[in-house]
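The values are calculated or read from the model by the stated rules, or taken from the named source; none is laboratory data. Predicted model, so just to flag it, every value in this text is computed and none were measured. As a convention, Cβ positions derive from the backbone with ideal geometry for all residues, glycine included, and neighbour counts pool all protein chains shown. SASA here: full protein model, heavy atoms, side chains in, ligands and nucleic acids out. Shrake-Rupley method; radii C 1.70, N 1.55, O 1.52, S 1.80 Å.
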Amino acid sequence: MSGKYLVTGGAGYVGSVVATHLLEAGHEVTVLDDLSTGFREAVPAGAEFVEGRVHDAAKWLDPSYDAVLHFAASSQVGESVAKPEKYWDNNVGGSMALLAAMRTAGVRKLVFSSTAATYGEPVSTPITETDPTVPTSPYGATKLAVDHMIGGECVAHGLAAVSLRYFNVAGAYGSYGERHDPESHLIPLVLQVALGARESIAVYGDDYPTPDGTCVRDYIHVADLADAHLLALDAAVAGEHLVCNLGNGSGFSVREVIETVRTVTGHPVPEVAAPRRAGDPAVLVASAATARERLGWTPSRADLAGIVADAWAFARREETHG
Ligand SMILES: NC(=O)c1ccc[n+]([C@@H]2O[C@H](COP(=O)([O-])OP(=O)(O)OC[C@H]3O[C@@H](n4cnc5c(N)ncnc54)[C@H](O)[C@@H]3O)[C@@H](O)[C@H]2O)c1
């Protein structure tokens with residue numbers, strides 16, 4: 001059955017890919033985005049576009065919507081340390097206003113972009129949803145606060161909600177890919193070196209207790225992530241707040257990523273050793289058992305070379321078309 005969805009942050013990386021998947025599945029989509037880090041041209045053709053802030057969602061939300069998919073947020077960890085007030089206002093203030101607008105309009109289903117950053121330093125690997133949540137940055141703290149806010153809304157007001165805790169999102173879906181500024185994610189940064197736009201890639205720490213000494217992360221293809229959002233819309237139950245990790249359940253080291261980029265692109269990628277960064281755990285890998293059991297989700301694009309190849313095709317297209 002087709003539905004009508006409000007996608008906040010649909011001009012950004014993940015939101016534009018999920019909006020595209022919703023349209024491809026025959027749904028009606030409105031994108032609400034203030035273009036603070038997003039791009040007008042990333043809003044997929046076929047979606048209605050409203051330029052505005054989530055804080056003002058009440059202006060546009062009405063009872064005709066079946067659900068909201070909430071991606072809009074500020075998400076640079078480093079910036080959140082320097083400007084925490086921006087993160088509390090945009091992520092928590094924006095989400096609080098959105099929940100109020102949903103209550104008023106009677107829109108009773110929500111899928112929220114949470115993050116592995118809610119856990120902080122892991123106590124064991126792989127990370128499960130019942131592990132302690134002790135975020136190490138204001139970014140992670142604001143996302144965790146929103147998770148708690150949503151939980152309360154489900155209990156008190158019968159909202160049906162799913163928080164999806166993404167690990168490292170990567171790859172591209174056709175003409176929709178990653179364009180953060182500044183870019184802080186490893187794969188697009190290494191691809192910038194392959195393109196000649198950056199001289200070298202810094203490897204922060206090579207003495208971690210991992211097989212090659214560099215940090216290990218769980219990379220999840222953005223199209224697999226999009227599949228999980230559509231499944232979450234079906235799995236959401238009134239009065240319940242379901243929290244699901246989204247990752248492949250296996251990790252790749254920084255060195256493996258760099259080596260894969262060399263193989264996929266055929267370009268040399270010079271690397272430079274740098275000291276460890278504060279707050280960088282050695283290994284961050286998800287247990288995706290809950291997503292498998294509750295959403296029926298199985299990632300099908302877990303191969304690192306495939307993820308890098310899709311991101312590379314997007315990066316080259318961007319370089320050509322600007
Ligand atoms: N990319 C990742 O690896 C990753 C990992 C974990 C969680 N997340 C979460 O997923 C979501 C999407 O991330 P992304 O990588 O696509 O980021 P992005 O910056 O590309 O997209 C965010 C979008 O939200 C918009 N936006 C921000 N604040 C807004 C506001 N107040 N009102 C309206 N629009 C607003 C921006 O303009 C942008 O288009 C975020 O909530 C992020 O915290 C991302």
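Considering region 158-241, the qualifying strands (runs of 3 or more DSSP E), each wholly inside and each with 2 or more residues that are open to solvent by less than 50 Å² (accessible area, probe 1.4 Å), more than 10 Å from the ligand (Cβ to nearest atom) and at pLDDT 95 or above, run over 160-166, 201-204. Can LEU6 be described as in a strand (DSSP E or B) and near the ligand (Cβ under 8 Å from one of its atoms)? No; evaluated as a whole, the condition is false for this residue. Entry remark, region 91-108: residues being buried (at least 21 other Cβ atoms within 10 Å of the Cβ) and within 11 Å of the ligand (Cβ to nearest atom) number 4 in total. Scanning region 166-218 for residues that are of a type in the set (Gly, Ala, Ser) and under 20 Å from ARG276 (Cβ atoms) yields SER184, SER200, ALA202, GLY205, GLY213. Out of curiosity, is VAL68 open to solvent by less than 60 Å² (accessible area, probe 1.4 Å), of a type in the set (A, V, I, L, M, F, W, C) and either more than 9 Å from the ligand (Cβ to nearest atom) or within 21 Å of SER184 (Cα to Cα) (or both)? Yes, satisfied.
The residues in region 130-157 that are within 17 Å of GLY279 (Cα to Cα) and assigned to a loop (DSSP other than H, G, I, E, B) can be counted, and the count is 5.
Tell me whether region 116-129 contains one or more residues that are open to solvent by 30 Å² or more (accessible area, probe 1.4 Å), among the acidic types (Asp, Glu), out of contact with any Phe, Trp or Tyr (no Cβ under 8 Å at 6 or more places or on another chain) and part of a loop (DSSP other than H, G, I, E, B). Yes: one or more hits. Looking only at residues in region 11-25 that are touching a Leu at 6+ places or on another chain (Cβ under 7 Å), within 15 Å of VAL111 (Cα to Cα) and within 11 Å of the ligand (Cβ to nearest atom), the one that is most open to solvent (accessible area, probe 1.4 Å) is VAL14. In region 28-55, the residues that are aromatic (Phe, Trp, Tyr) form Cβ pairs under 9 Å with partners that are open to solvent by less than 20 Å² (accessible area, probe 1.4 Å) and away from the ligand (no atom under 12 Å from the Cβ), at six or more places apart or across chains, as follows: PHE49/THR30. For region 43-54, a residue qualifies if it is open to solvent by less than 50 Å² (accessible area, probe 1.4 Å) and either within 6 Å of the ligand (Cβ to nearest atom) or more than 27 Å from ARG103 (Cβ to Cβ) (or both), and the qualifying residues are PRO44, VAL54. Taken together, the residues in region 242-280 that are of a type in the set (Ser, Thr, Tyr) and crowded, with 17+ Cβ neighbours inside 10 Å amount to 3. Looking across region 263-322, just one residue is free of Cβ contacts under 8 Å to residues at least 12 places away in the same chain, over 28 Å from PRO132 (Cα atoms) and of a type in the set (S, T, N, Q), and that is THR320. Selection of region 26-37 for residues being of a type in the set (Gly, Ala, Ser) and more than 12 Å from the ligand (Cβ to nearest atom) yields only GLY26.
Number of residues in region 69-115 that are hydroxyl-bearing (Ser, Thr, Tyr) and in a helix (DSSP H, G or I) equals 4. Look at ARG40 and say whether it is open to solvent by 20 Å² or more (accessible area, probe 1.4 Å) and near the ligand (Cβ under 6 Å from one of its atoms). Here the answer is no, as ARG40 does not meet what is asked.
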